[in-house]
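Take a look at the structure below.
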Amino acid sequence: MYAPPVQRLITELGKLPGIGQRTAQRLAFHILRTETEDANALADAIREVKERIVLCEVCFNLADEPRCRICQDPRRDAELICVVEEPGDVIPIERTHEYRGRYHVLGGALSPIDGVDPEDLKIAELYARVEAGGVREVVLATNPTTTGEATALHIAAALRERTPDVTVTRLASGLPMGSDLEYADEVTLGKALSGRRTL
Ligand SMILES: [Zn+2]
């Protein structure tokens, strides 16, 4: 129906989450109408993140150096590790200003149905970090969803076994069940953090 380059753009845009066929078409036509300079800026931005952004070698958050800014910051409490599912979950926690520790980004949540097993996430890396010592508390801040809860329980059980002297906590309830941390407002998330309970 469309010239092949236009169809290709629609196909690629349609692969983005939440973008259906109609939206992909609308975006493609928008890009076609846009100034060459602006369209190239978008293409360059996509290329640049893929070339320059890596996962932090310590916490697996996004970084443009081997270690992310939080892991490099000596003022951040290294004895406290907050475990989240995705890099996008770090931002809302940072926005609460309630948390001064470090992070560990798992890269998802356990979901045997979808074929996500412990070895698909940075779980072994978390255990190694905690077992290396110098950690006082691990805050499990996975999403309040079925998979997030299952992931938290799995990790809590393993840490109790491996490092019984480390406190393992979970965000207080109050976060809407089934929702993502990413969409939680700062006040609710701040309260969930300060009211965290020992597992
Ligand atoms: Zn890091």
Report the residue count in region 135-152 for those that are exposed (fewer than 15 other Cβ atoms within 10 Å of the Cβ), within 15 Å of ARG197 (Cα to Cα) and of a type outside the set (D, E, K, R).
-> 0
Checking LEU32 against (1) among the hydrophobic types (A, V, I, L, M, F, W, C); (2) under 25 Å from ALA124 (Cβ atoms); (3) open to solvent by 90 Å² or more (accessible area, probe 1.4 Å), which test does it fail?
-> (2)
Looking for whichever is small (Gly, Ala, Ser), at pLDDT 95 or above and assigned to a helix (DSSP H, G or I) here; the options are ALA45, ALA78. Which one fits?
-> ALA45
Is there any pair with a first residue in region 50-69 that is within 11 Å of the ligand (Cβ to nearest atom) and a second that is of a type in the set (Phe, Trp, Tyr) whose Cβ atoms are under 7 Å apart and which are 6 or more apart or on different chains, and what are they?
-> CYS59/TYR103; ASN61/TYR103
Determine if region 48-64 includes at least one residue that is farther than 27 Å from ASP120 by Cβ and either of a type in the set (Phe, Trp, Tyr) or touching a strand residue (DSSP E or B) at 6+ places or on another chain (Cβ under 8 Å) (or both).
-> no
Qualifying positions in region 70-85 - charged (D, E, K, R) and within 11 Å of the ligand (Cβ to nearest atom) = ASP73, ARG76
Run ASN143 past the list (1) at pLDDT 95 or above; (2) under 14 Å from the mean Cα position of the chain (by Cα) and report the number of the one that doesn't hold.
-> (1)
Does ARG22 qualify as being part of a loop (DSSP other than H, G, I, E, B) and open to solvent by 50 Å² or more (accessible area, probe 1.4 Å)?
-> no
Within region 154-182, how many residues are in contact (Cβ under 8 Å) with a residue 40 or more places away in the chain and open to solvent by 60 Å² or more (accessible area, probe 1.4 Å)?
-> 2
Among the residues of region 92-117, which ones are in a strand (DSSP E or B), open to solvent by less than 20 Å² (accessible area, probe 1.4 Å) and within 14 Å of the ligand (Cβ to nearest atom)?
-> GLY101, TYR103, HIS104, VAL105
Boolean, ASP44 is over 13 Å from TYR99 (Cβ atoms) and away from the ligand (no atom under 12 Å from the Cβ) | yes
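The values are calculated or read from the model by the stated rules, or taken from the named source; none is laboratory data. The structure presented is a predicted model; accordingly, all values stated were derived computationally and were not measured. Note that we place each Cβ from the backbone using ideal geometry, even for glycine, and neighbour counts take in every protein chain shown. Each accessible area value is taken on the protein alone, full model and side chains, heavy atoms only, with ligands, DNA and RNA left out. Shrake-Rupley method; radii C 1.70, N 1.55, O 1.52, S 1.80 Å.
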